[in-house]
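The values are calculated or read from the model by the stated rules, or taken from the named source; none is laboratory data. What you see is a predicted model; the values in this text were computed from it and never measured. All Cβ positions, even for glycine, are placed from backbone atoms using ideal geometry, and neighbour counts span all protein chains on display. Please note that ligands, DNA and RNA were not included when accessible areas were found on the heavy atoms of the full protein model with its side chains. Shrake-Rupley method; radii C 1.70, N 1.55, O 1.52, S 1.80 Å.
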Amino acid sequence: MDEFLRREIIMEHYQNPRHKKTVTDSNYQKVNTNNASCIDNLDLFVRIKDNIIEDICFDGEACAISTSSCSIMITNLIGKTVEEAKNYVKNFEAMINEEPYDEEVLNEALAYNEVYKQNNRKNCALLPYKGIKKVLDND
């Protein structure tokens, strides 16, 4: 993916994040994830039924990388089984950590394939994934 397209995807999901809202429905699991070293603080609201992720929303304050990463993650995970979601998360983490990964699984998340070049941004890109893993591991 070229640098222009990468920036365009990240900025689009930062300026117009998908599924950004607070949910009070008791059918959703809520999990908070934050970076202690900056302002990034996100709440994820996840509804899983019959092993399928039916919906995910988020709210909070975060930088462009965390916000866009969360928006893209959610877009990719809605409708997936818990196992498919775990595979997606595993591949995203591998990409961020410069390990072998399956590009076909990640879709727009490939925009972060060079985040490793700025080590401090790795935490930003991984922030929503830390939150979703808490939910997936408990389901």
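Every residue, every condition in (1) in contact (Cβ under 8 Å) with a residue 12 or more places away in the chain; (2) not in a helix (DSSP H, G or I); (3) not aliphatic (A, V, I, L, M), yes or no:
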residue	(1), (2), (3)
SER69	yes, no, yes
LYS90	no, no, yes
GLU104	no, no, yes
ALA109	yes, no, no
LYS122	yes, no, yes
LEU126	yes, no, no
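The numbered conditions (1) part of a helix (DSSP H, G or I); (2) in contact (Cβ under 8 Å) with a residue 12 or more places away in the chain are all true for ALA94 except (2). The residues on offer are ILE56, ILE39, ILE78, and the sole one that is at pLDDT 95 or above and either farther than 15 Å from ILE132 by Cβ or buried (at least 20 other Cβ atoms within 10 Å of the Cβ) (or both) is ILE56. Among the residues of the stretch 12-36, those that are open to solvent by less than 100 Å² (accessible area, probe 1.4 Å) and closer than 18 Å to ASN123 by Cα comprise HIS13, TYR14, VAL31, ASN32, THR33, ASN34, ASN35.
To keep it simple, each residue is scored yes or no on (1) out of contact with any strand residue (DSSP E or B) (no Cβ under 9 Å at 6 or more places or on another chain); (2) over 19 Å from ILE53 (Cβ atoms).
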| residue | (1), (2) |
| --- | --- |
| ASN87 | yes, no |
| PHE92 | yes, no |
| GLU98 | yes, yes |
| ASN107 | yes, no |
| LYS117 | yes, yes |
| ASN120 | yes, yes |
| PRO128 | no, no |
| LYS134 | no, no |
| ASN138 | no, no |
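Of all residues in the stretch 42-53, those being loosely packed, with under 13 Cβ neighbours inside 10 Å and either in a loop (DSSP other than H, G, I, E, B) or touching a residue at least 40 places away in the same chain (Cβ under 8 Å) (or both) number 2. Look at (1) within 15 Å of GLY131 (Cβ to Cβ); (2) out of contact with any Pro (no Cβ under 8 Å at 6 or more places or on another chain); (3) modelled with pLDDT of 95 or more and you find that SER69 fails only one, number (2).
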